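Inspection log for the structure reproduced underneath, given as structure tokens.
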């Protein structure tokens with residue numbers, strides 16, 4: 001969980017440097033992105049903590065639920081907030097891809113420990 005938190009914090013700092021301070025001020029909900037993925041990570045870890053066996057069905061269900069929830073968050077932002085929607089969507093997409101890579105690495109390590 002600590003590694004996930006540090007990764008999200010560093011990605012947020014990098015995103016603000018790349019996007020620029022002006023766009024970050026206009027995109028008021030940009031800090032929601034790392035918080036969203038931190039919440040997803042903690043829910044995933046708590047669900048997998050009590051799984052017996054390899055838990056493939058649960059992992060796939062979590063991945064599908066995360067994808068659908070992410071799409072809902074992006075669509076709500078684009079439809080209702082509309083401020084710098086492209087910046088938000090691209091930043092969210094980068095965070096999503098990085099999170100998926102990190103989660104896959106984490107789940108591979110978790111699966112090796114279970115065996």
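The values are calculated or read from the model by the stated rules, or taken from the named source; none is laboratory data. Bear in mind the structure is a predicted one, so any value in this text is a computation, not a measurement. Cβ coordinates were reconstructed from backbone atoms using ideal geometry, including for glycine residues, and neighbour counts include every protein chain displayed.
Annotation: of all residues in the stretch 48-58 being modelled with pLDDT under 80 and part of a helix (DSSP H, G or I), the one that is surrounded by the most Cβ atoms within 10 Å (Cβ to Cβ) is 48. So for the stretch 25-41 (the condition being farther than 16 Å from residue 77 by Cβ, part of a loop (DSSP other than H, G, I, E, B) and at pLDDT below 70), does at least one residue qualify? No, the conditions are met nowhere in the stretch 25-41.
The set of residues in the stretch 70-88 being under 16 Å from residue 100 (Cβ atoms) and surrounded by fewer than 14 Cβ atoms within 10 Å (Cβ to Cβ) consists of 71 alone. Pull up the stretch 79-115, narrow it to residues that are farther than 18 Å from residue 12 by Cα and in contact with a helix residue (DSSP H, G or I) (Cβ under 7 Å, 6 or more places away or on another chain), then point me to the one that is modelled with the lowest pLDDT. Restricting to residues being farther than 18 Å from residue 12 by Cα and in contact with a helix residue (DSSP H, G or I) (Cβ under 7 Å, 6 or more places away or on another chain), the top hit is 110.
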